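The values are calculated or read from the model by the stated rules, or taken from the named source; none is laboratory data. Remember, predicted model here, so these are calculated numbers, not experimental data. Backbone-built Cβ (ideal geometry, glycine too); neighbour counts: all protein chains shown. Quick note on the areas: whole protein, heavy atoms, side chains included, nothing else; ligands and nucleic acids left out. Shrake-Rupley method; radii C 1.70, N 1.55, O 1.52, S 1.80 Å.
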Amino acid sequence: MFNAFGIGSPSLGPDDDAMVQSLVKEHFRTNANRPDREVARDVARELLKRFRIGVTDRNRLRELPASPN
């Protein structure tokens, strides 16, 4: 695997998956939005995109999806 040598995007493991899911839920609680499936998918997609380009810190990821648009 390329990531083992620091090349390529970070791998998404079970803990990372759980973190992304919890950040999506947190996004809706914080923004007082009702979780719409399509919006949740967009928020999750944005979080995963950021994760794959190297933003793996939970606090930094938390700051990013202020709006899925």
Practice item. Report the residue count in the range 5-56 for those that are at positive phi and modelled with pLDDT of 85 or more. Key: 1
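Residues in the range 57-66: is at least one of a type in the set (Asp, Glu), at pLDDT below 85, in a helix (DSSP H, G or I) and open to solvent by 80 Å² or more (accessible area, probe 1.4 Å)?
The answer is yes; a qualifying residue exists.
Do you know which residues across the range 16-38 are out of contact with any helix residue (DSSP H, G or I) (no Cβ under 8 Å at 6 or more places or on another chain) and either in a helix (DSSP H, G or I) or open to solvent by less than 40 Å² (accessible area, probe 1.4 Å) (or both)?
If the condition is that a residue be out of contact with any helix residue (DSSP H, G or I) (no Cβ under 8 Å at 6 or more places or on another chain) and either in a helix (DSSP H, G or I) or open to solvent by less than 40 Å² (accessible area, probe 1.4 Å) (or both), then ASP17, ALA18, SER22, LYS25, ARG29, THR30, ARG37, GLU38 are the ones that fit.
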Review point. Hey, among the residues in the range 39-56 that are assigned to a helix (DSSP H, G or I) and open to solvent by 100 Å² or more (accessible area, probe 1.4 Å), which one's nearest to LEU12 (Cα to Cα)?
Key: ARG52
